[in-house]
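None of the figures in this text is laboratory data; all of them are computed from the coordinates on show. Remember, it's a predicted structure, so these values are computed and weren't measured experimentally. All Cβ positions, even for glycine, are placed from backbone atoms using ideal geometry, and neighbour counts span all protein chains on display.
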Amino acid sequence: MALSICEQLDNFVSSYVENTSEGVLSIPFDKEWPSPCYNNEGKQGEIVPWQPVRQTQSLSFENVGSALKLTLNSDYCEYFTRYFSNNLIAKAPQGECELLQVWNGEDFERLQQNLIGHLLMKQRLEQAPTLFFGLTDEEDFILTVVNETGEVALEQVGMEPKEILAPSLADFLSTLTPSSVSR
């Protein structure tokens, strides 16, 4: 039986943390950009340990859906409302990618604003709605979820999806291996 998006994301995040150098993720501390991901406080710019943390506050994409009269793919919504985390670097069968994440509540609001801009562009171009969630090592190519079907696609910004990579976000996550990171 296939794993749910939450189970698959949990597995990937666990694997990501386990595969970091010495099991520790680190990032420059930014007192202006607080997050529950910081393991401890530091001086501005000091390298401190961090880790993905399950969200405890209730975040939702309802305002995006109502503003655009669109029901957003539920797996996509669960993907961004499961963890607070820095972006996660991974290797897909097609190449390197960076899975976007939200660092804090303010970052989630920024994601929603960017998603609205993306969806309005798709409407203006008379293209089917897609929902971005990752970056690729190819300039101008992003990873998206086709809103209607839930399929994961490779998409050049402003264009229709170029290629379907997986039948679902959970299936796509199952093909990823965490890249060796020291950050």
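Summary of computed values
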read-out	value
Sequence-distant residues sharing a close amide H with Ser168 (under 5 Å, placed H)	Val152
Residue among Thr56, His118, Ser14 farthest towards the positive dipole end of region 9-118, charges placed on Cβ	His118
For region 92-142, size of Cβ-based charge dipole, Lys and Arg +1, Asp and Glu -1, in debye	340 debye
Amide proton proximity set for Thr81, modelled H, under 5 Å, gap of 5+	none
Qualifying trypsin sites (Lys or Arg not before Pro) for region 55-105 [loop in DSSP, other Cβ within 10 Å: at most 10]	Lys69
Calculated FRET efficiency for the pair Thr175/Ser58, C-beta based, R₀ 45 Å, to 0.05	0.90
Spatially proximal lysines relative to Lys69 (Cα-Cα < 19 Å; intrachain offsets below 8 disregarded)	Lys122
Estimated FRET transfer efficiency when R0 is 41 angstrom, pair Ser4-Gln44 (beta carbons, to 0.05)	0.55
Highest average packing first - 136-143, 156-163, Cβ atoms within 10 Å	136-143, 156-163
With eigenvalues of the C-alpha gyration tensor scaled by 5 and rooted, the chain, Å	27, 19, 15
Nearest-ten-degree value, helix 5-18 long axis tilted from longest Cα axis of the chain	30 degrees
Under 30 Å from the Cα of Lys31 - lysines, other chains or at least 8 residues apart	Lys43
